[in-house]
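Report on the structure given below.
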Amino acid sequence: MATLTTNKNFLSPVGFQFKIDSAIYPNLEYFCTAVTLPDISVTEAPVPYRTVNTAVSGDRINFSSLALRFNITEDMENYIEMFNWMHRLVSNPENQVADATLSILSSHNNVTKEIIFKDCFPTNLSSLEFSTQQTEIEYLQADVTLKYTTFEIK
């Protein structure tokens with residue numbers, strides 16, 4: 001039986017830290033500004049019964065992609081990190097995955113939960129638009145999409 005929580009504070013969308021192998025991807029980790037916790041779904045299995053199909057829960061969990069946004073440095077180090085990772089992945093797919101951790105912080109900036117993504121690898125790196133038509137400087141950001149095998153919440 002579930003019990004009502006004793007902590008009635010709401011989760012802040014700015015209270016997070018993202019960590020990935022900082023020896024290889026230090027700039028992605030440091031300049032990450034947004035992470036979208038992926039949705040998960042359970043497939044359903046149709047069961048025919050007389051003239052209708054009913055559904056029962058399936059035996060597979062589907063994980064959506066992990067989406068990150070990061071500010072791009074002036075020398076583009078973090079963009080180049082992702083660019084190079086994708087090239088290495090295509091030329092030599094073995095050992096090109098990294099585990100990542102999304103740490104959820106409390107209102108006092110203490111880690112309350114860790115979401116660990118296993119065997120991440122990039123599948124998409126967004127385009128960058130350079131334009132002289134803007135009246136205000138909006139620094140460039142990039143989005144990267146990562147696939148992974150599973151994630152767990154600790």
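The values are calculated or read from the model by the stated rules, or taken from the named source; none is laboratory data. Note that the coordinates shown come from a computational prediction; the quantities given were computed from them, not determined experimentally. Counting neighbours? That spans all protein chains shown, and the Cβs are built from the backbone with ideal geometry, glycine included. Ligands, DNA and RNA are excluded from the accessible area calculation, which covers all protein heavy atoms including side chains. Shrake-Rupley method; radii C 1.70, N 1.55, O 1.52, S 1.80 Å.
A probe of 1.4 angstrom, applied to the heavy atoms of all protein chains, finds residue 59 with accessible area near 120 square angstrom.
In straight Cα distance, which aspartates and glutamates are under 12 Å from residue 113, not counting same-chain residues fewer than 8 positions off? Once the sequence-local aspartates and glutamates are set aside, what remains near residue 113 is 152. Give me the Debye-computed log₁₀ of I(q)/I(0) at q = 0.12, 0.17, 0.20 Å⁻¹ for the range 74-153, equal point scatterers on Cα only, no solvent, two decimals. Log-scaled intensity ratios, in q order: -0.52, -0.86, -0.98. Full extension of the chain between residue 145 and residue 129 yields a length gain of 3.9 nm, computed as 0.36 nm times the residue separation minus the alpha carbon distance. Centre-to-centre separation between the Cα atoms of the range 62-78 and those of the range 118-154: 3 Å. Relative to the 2.2 N^0.38 Å rule of thumb, the range 21-83 has a C-alpha radius of gyration ratio of 1.93. Whenever you get a sec, compute what percent of the accessible area on the chain sits on carbon and sulfur atoms (1.4 Å probe). Result for the chain: 52 percent of the exposed heavy-atom area is carbon or sulfur.
Which of the peptides 103-109, 4-10 is most tightly packed, and how do the rest follow, judged by the mean count of other Cβ atoms within 10 Å per residue?
Per-residue mean Cβ counts within 10 Å order the peptides as 103-109, 4-10.
Relative to the longest principal axis of the C-alpha atoms of the chain, give the angle of the C-alpha long axis of helix 77-91, reported between 0 and 90° and rounded to the nearest 10°. Approximately 60 degrees, to the nearest ten.
Once every DSSP H run of n ≥ 4 in the chain is given -39500 (n - 2.57) and the sum is divided by its residues, what mean residue ellipticity at 222 nm do you get, rounded to the nearest 500 deg cm²/dmol? Write out the running numbers ahead of the final one.
Numbers: 2 runs with 21 residues, N = 154.
Dividing the helical sum by the residues of the chain leaves -4000 deg cm²/dmol.
Using a probe of 1.4 angstrom and keeping all protein chains present, the accessible surface of the range 66-154 works out to 65 square angstrom per residue.
Volume per residue for the chain equals 228 cubic angstrom (convex hull of Cα atoms).
Length gained on full extension, residue 91 to residue 52, computed as 0.36 nm times the residue gap minus the Cα-Cα distance: 9.1 nm. With contacts taken as Cα pairs under 8 Å and at least 6 residues apart, the range 1-133 reaches a relative contact order of 26 percent. Give, as ranges by residue number, the residues of the range 117-154 whose backbone N falls under 12 Å from the point 7 Å along Cα→Cβ of residue 101. Taking a point 7 Å out along Cα→Cβ of residue 101, the residues of the range 117-154 whose backbone N falls under 12 Å are 117, 154.
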